[in-house]
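Quick notes on the structure that follows.
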Protein chains: 2
Amino acid sequence: MAVQTVASSTPGSTVDLGPATALSCRECGHRVPLGPVFACEECFGPLEIAYDFSAYDTETLRKRIEAGPANIWRYAPLLPVPADVADKPNLNPGWTKLVKADHLAAELGVTGGLYVKDDSGNPTHSFKDRVVAQALEAARAFGFTTLSCSSTGNLAGAVGAAAARAGLRSCVFIPHDLEQGKVVMAAIYGGDLVGIEGTYDDVNRFCSELIGDPAGEGWGFVNVNLRPYYAEGSKTLAYEICEQLGWRLPDQIVVPIASGSQLTKVDKGLRELIELGLVEDKPYKIFGAQAEGCSPVSTAFKAGHDVVRPQKPNTIAKSLAIGNPADGPYVLDIARRTGGAVEDVTDEQVVDAIKLLARTEGIFAETAGGVTVGVTRKLIENGLLDPTKTTVVLNTGDGLKTLDAVAGTGLTATIRPTLDSFREAGLA
Amino acid sequence: MAVQTVASSTPGSTVDLGPATALSCRECGHRVPLGPVFACEECFGPLEIAYDFSAYDTETLRKRIEAGPANIWRYAPLLPVPADVADKPNLNPGWTKLVKADHLAAELGVTGGLYVKDDSGNPTHSFKDRVVAQALEAARAFGFTTLSCSSTGNLAGAVGAAAARAGLRSCVFIPHDLEQGKVVMAAIYGGDLVGIEGTYDDVNRFCSELIGDPAGEGWGFVNVNLRPYYAEGSKTLAYEICEQLGWRLPDQIVVPIASGSQLTKVDKGLRELIELGLVEDKPYKIFGAQAEGCSPVSTAFKAGHDVVRPQKPNTIAKSLAIGNPADGPYVLDIARRTGGAVEDVTDEQVVDAIKLLARTEGIFAETAGGVTVGVTRKLIENGLLDPTKTTVVLNTGDGLKTLDAVAGTGLTATIRPTLDSFREAGLA
């Protein structure tokens, strides 16, 4: 069933993915039945999930969510998953902490309330568990037996772990020369881990070929042929933030940009909550954060362009290093429509921000978290982010996975095991 | 106030630590007021927290817990913390996942229900966040301004992070030649990190000296002068397991042994739940797990001894490598009283068990988790653990912190980015 055309991939009404009713083209609106496809047959635009939420009563839905499990499945009525999803073996990601970051707020001069949504609390310690969990349900619905992806890091582990829990085979493709630590993190779950002699682009091209070949039959590539389902997982960040704020919209939210998908889905999630009446309809601003060494969207935003010119990435924020972000133009739309902005910071500022967040709040973020915290600081300095408003900053990964970025951090002092030596070091 | 004797460290009735009423000697029962002391003035036995739970009505307490936050503070009525603890800045650890491990159960032949209590989900990814959170509240109650400890790993990060969030200074002592990765994990939170020229024993000796010296005034050492409070944090593992099982006791529980404190407190927590009527009073068995390269308690158990003979540790399970475990004799008592056992596994079996857990359940455990899973397998094989009974295995840490132990894990294959190369590798 691993085919790209609509005609031969329409399981039709037998697929139960809850409130999801169809795939709809984001460009031309053309609809096709739910299936493992990701591009519009009419205009090649990206396909998105269309839902039927019409039967929901606001207060009944709110109670149902609040009575749900402490993971993303509390929002099952708003996701492309079957109603009994929580009973199936999966990693149950989400419902991560929304940390009131008062010390960080004091350092940055934020007076309106500053929160860090800390997705390092997910099972494999990045937000990828949210999106992979959606792709897994789609894979089950379409009868796939192998879960796959191309990856250079977080996604490989998330797919390997999710497949292991679900009892599916996994086969993950990575550049053959990845650092040994990342290879171990991906290989430990026992699935196939294949090194490709080539760059990450070569890995991606190969995966697209494999999807169209009989050799790839029965394979669900979470970020390719299951991408419309996968991407919806990021909506849960928006849902959780609002529910954890007491069913309130934040005024401002700072989201990292890799492909840009996460930012567009956070916006989609917020709009859905407004439409469903679960939060008050009021303005919010979405800000995008990039590293200077891979800042195609930030560059386009500042230049006032609608088109994103690809860049060759060169930054320590590897999990954001997508030089040609597919959803870049949509990100520009959202930042402009909501009154937000897209900004970037240098690698040095990323490292400073990682240390700042750790020192003030005890949260050790991945480089991507350094990017969002660093950009937040910069946006306040240049007046684009209002420090008197409620602001949420996303940390999408864990510092343990990017130790190299802060390798210079070390001992305050080395002493002999005596009180005299201790006093001499001036630590008392 | 950082003194060791009772006379000069009795803040008396002004200290609000919730239901905690006094410190009581585990050996002779002698009571002293709550204070930063850890050894009995009469017999030098270890001091434990005494509580007054007499005012609690079972069903009211149960409802209060169930309505509490999704962290250890839902059990504040049973811990030495003030009632408003959840409103103070802290890492809010706990309420980690209890994973129904059906695939692992199938591999091990467990038919009575197998669960993994996965404490890698804590904020700094080990169970240490639970105990440090208790020590932090005691430190605040006693007016300490510096949080400290001796450590070779998990504890250093947990203390650094907790102090950062709380706005306290931290000063952590480690052997000066610790691996760079561990130094980074501890240093990132911005507290003082002091390398001691010497072994871990030298570090410990130095810390004890510092507590008795004016230079250590105002210092709370979480695992020394705050140890009675600190240790109670492990009770929350027992509370959570029972509540997550639907207020049921497990039949069998497998706990790792370092100092032995955790195992004794898990037992204490289970007994409290029985006494409070929150679970049915029925027998349960507690099993202790060690690595063969540091197995003083297991060796004593098998030899039928009451005394634990110290060993020089030599194992990859560094977080369990305490050769002279303070609570060893109590562990022997509990294992024998409940009908459990203490067992050990080789480093090779630890690595195999880490891989087994990752492959079957998508959980990447620290070496300590490999010890408990490996010991569970061995206990089933030698007939000491009943596979037809409900069994809970603790995973107390995260595999990302002990990557070296599984460094051999790697690529399944390396191929060129072509379908032919893929087919040749036999991966289709």
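Segment B:175-255: which GluC sites (Glu not before Pro) are DSSP loop and have at most 14 other beta-carbon atoms within 10 angstrom?
Numbers: sites: B:179, B:197, B:209, B:217, B:232, B:240, B:243; in loops: B:179, B:197, B:217.
Within segment B:175-255, the qualifying GluC sites (Glu not before Pro) (loop, at most 14 other Cβ atoms within 10 Å) are B:179.
Taking θ as phi - 60°, what are the ³J(HN,Hα) couplings along segment A:262-274 by the Karplus curve (6.51, -1.76, 1.60), each to the nearest whole Hz, with x for Gly and Pro?
Calculated HN-Hα couplings, in order: 4, 4, 5, 7, 4, 4, 4, x, 4, 5, 4, 4, 5 Hz.
Using Cα centres only, tell me the gap between segment A:370-399 and segment B:391-414 in whole Å.
Cα centroid to Cα centroid, the span is 34 Å.
Go through B:215, B:242, B:193 and say which Cα lies farthest out towards the positive end of the charge dipole of segment B:187-243; charges sit on Cβ, +1 for Lys and Arg, -1 for Asp and Glu.
After comparing all options, I get B:242.
Give the residues of segment B:70-84 whose amide nitrogen is closer than 13 Å to a point set 7 Å from the Cα of residue B:55 in the direction of its Cβ.
Flagged as within label range: B:77-78, B:83-84.
Under a cut-off of 18 Å between alpha-carbon atoms, report the lysines in cross-link reach of residue B:88, not counting same-chain residues fewer than 8 places apart.
Counting by Cα, and skipping residues close in sequence, residue B:88 has these lysines nearby: A:97, A:100.
Obtain the radius of gyration and the Kirkwood radius of the protein assembly as shown from its C-alpha atoms and give Rg over Rh.
0.96
Could you order A:95, A:73 so the one with the most accessible surface comes first? Probe is 1.4 Å. If you can, show how the numbers build up before the last one.
Numbers: A:95 65, A:73 10 Å².
From most exposed to least exposed: A:95, A:73.
Give the residues of segment A:364-401 whose amide nitrogen is closer than 16 Å to a point set 7 Å from the Cα of residue A:111 in the direction of its Cβ.
So the set is A:380-381, A:383, A:385-391.
Using a Gaussian network model of chain B whose springs link C-alpha atoms within less than 10 Å, name the residue from B:133, B:215, B:413 with the highest mean-square fluctuation.
Answer for the Gaussian network model of chain B: B:413.
When the Cα centres of segment B:304-345 and segment A:33-111 are compared, how far apart do they sit, in Å?
For segment B:304-345 versus segment A:33-111, the Cα centre distance is 46 Å.
Give the long-range amide H neighbours of residue B:346: residues separated by 5 or more places, or on another chain, with amide H under 5 Å away, using H modelled in the peptide plane at 1.01 Å from N.
B:292
Over the C-alpha atoms of segment A:187-241, what are the Rg and the largest Cα-to-Cα span, Dmax, in Å?
Looking at segment A:187-241, its Cα Rg and Dmax stand at 14.4, 42 Å.
In chain A, what residue has the beta-carbon at the shortest distance from the axis of the rotation relating A to B, and what is that distance in angstrom, rounded to the whole number?
Per the Cβ-to-axis criterion, the result reads A:400, 2.
Once the label point is set 7 Å along the Cα-to-beta-carbon vector, what list of distances in nm do you get between residue B:337 and its counterparts in the other copies?
6.4
Which value, in debye to the nearest 20, describes the size of the charge dipole of chain B about its Cα centre when Lys and Arg Cβ atoms bear +1, Asp and Glu Cβ atoms bear -1, and nothing else is charged? Provide the component values of the computation, followed by the final result.
On the way: 39 positive and 52 negative charges, 107 e Å.
Value, rounded to 20: 520 debye.
Under the definition of partner shielding as Cβ atoms of other protein chains within 10 Å of a residue Cβ, what is the mean value for peptide A:414-424? Could the numbers behind the result be given before it?
Working: counts 6, 8, 6, 16, 6, 8, 1, 4, 10, 2, 0.
Mean shielding by partner chains, rounded to a whole number: 6.
If you take each beta carbon of peptide A:180-186 and count the beta carbons of other chains within 10 angstrom, what is the mean?
Working: counts 4, 5, 1, 4, 11, 6, 3.
Across the residues of A:180-186, the mean count of other-chain Cβ atoms within 10 Å is 5.
Taking the Cβ of residue B:112 as the centre, find all other residues whose Cβ is under 9 Å away and add up their charges (Lys, Arg: +1; Asp, Glu: -1). Don't skip to the answer; put the middle values down first.
Values: positive: B:389; negative: B:251, B:386.
Taking every Cβ under 9 Å from that of residue B:112, the sum is -1.
Using a ≥ b ≥ c from the Cα gyration tensor of chain A (square roots of the eigenvalues), is it rounded, prolate or oblate, where a/c under 1.5 gives rounded and otherwise the larger of a/b and b/c decides, a/b for prolate? Mind dumping the intermediate values first?
On the way: a/c = 1.60, a/b = 1.32, b/c = 1.22.
It is prolate, given that a/c is not under 1.5 and a/b is the larger ratio.
If the cut-off is a Cα-Cα distance under 17 Å, which aspartates and glutamates reach residue A:282, setting aside same-chain residues fewer than 8 apart in sequence?
Answer for residue A:282, where 17 Å is the Cα cut-off: A:243, A:251, A:267, A:272, A:386, listed by chain and number.
What residue among A:104, A:249, A:411 has the largest mean-square fluctuation in a Gaussian network model of chain A, using Cα springs under 10 Å?
Fluctuation is largest for A:411.
Which shape class, rounded, prolate or oblate, goes with segment A:231-290 when its Cα gyration tensor gives a ≥ b ≥ c as root eigenvalues, a/c under 1.5 marks rounded, and past that a/b bigger than b/c marks prolate? Please list the in-between numbers first.
Values: a/c = 1.99, a/b = 1.57, b/c = 1.27.
It comes out prolate by the Cα gyration axes.
Past the 20 Å Cα-Cα mark, which pairs from A:182/B:378; B:302/B:355; A:401/B:182; A:117/A:401; B:128/B:355?
On the way: A:182/B:378 31 Å; B:302/B:355 28 Å; A:401/B:182 13 Å; A:117/A:401 18 Å; B:128/B:355 23 Å.
Result: A:182/B:378; B:302/B:355; B:128/B:355 exceed 20 Å.
Give me the accessible area of residue B:295, 1.4 Å probe, in Å² rounded to the nearest 10.
Accessible area of residue B:295: about 10 Å².
Sort shortest first the distances from residue B:44 to its counterpart in every other copy, using label points 7 Å along the Cα-to-beta-carbon line, and give them in nm.
Those separations, rounded to one decimal, come out as 8.1 nm.
Grab the other residues whose beta carbon is less than 15 angstrom from that of residue B:54, score K and R as +1, D and E as -1, and report the net.
Details: positive: none; negative: B:52, B:57, B:272, B:275.
Taking every Cβ under 15 Å from that of residue B:54, the sum is -4.
Short version: ³J(HN,Hα) in whole Hz for each residue of segment B:306-314, in order, from phi by Karplus 6.51 cos²θ - 1.76 cosθ + 1.60 (θ = phi - 60°), x for Gly and Pro, what are they?
9, 9, 9, 8, x, 10, 8, x, 8
Give me the percent relative contact order of chain A, please, defined on Cα pairs under 8 angstrom at least 6 residues apart. Don't skip to the answer; put the middle values down first.
Numbers: 900 pairs, mean separation 64.7, N = 428.
Dividing the mean separation by the residue count of chain A yields 15 percent.
GNM, chain B, Cα, under 10 Å: largest mean-square fluctuation among B:390, B:152, B:58?
Result for chain B, Cα springs under 10 Å: B:58 fluctuates most.
Restricted to Cα positions, what overall size does segment B:166-300 have along the principal axes? Three whole-Å values, descending.
Extents along the principal axes: 50, 37, 29 Å.
Measure of size requested: the Rg and Dmax of segment B:27-161, with Cα atoms as the atom set and Å as the unit; please supply both.
18.1, 52
Taking beta carbons within 10 Å but only from partner chains, what does the mean come to for residues B:108-121?
Values: counts 0, 0, 0, 0, 0, 0, 0, 0, 0, 0, 1, 0, 3, 5.
Average per residue, whole number: 1.
Net charge around residue A:43, counting only other residues with Cβ within less than 13 Å of its Cβ (Lys, Arg = +1; Asp, Glu = -1)? The partial results should precede the final answer.
On the way: positive: A:26, A:31; negative: A:27, A:41, A:42.
Local net charge: -1.
Assume the label is 7 Å from Cα along Cα to beta carbon: what separations in nm does residue B:88 have to the matching positions in the other copies?
Copy-to-copy label distances for residue B:88: 4.5 nm.
The values are calculated or read from the model by the stated rules, or taken from the named source; none is laboratory data. Note that the structure is predicted; figures quoted are calculated from it, not measured. Please note: Cβ atoms are built from the backbone with ideal geometry, for glycine as well, and neighbour counts cover all protein chains shown. Please note that ligands, DNA and RNA were not included when accessible areas were found on the heavy atoms of the full protein model with its side chains. Shrake-Rupley method; radii C 1.70, N 1.55, O 1.52, S 1.80 Å.
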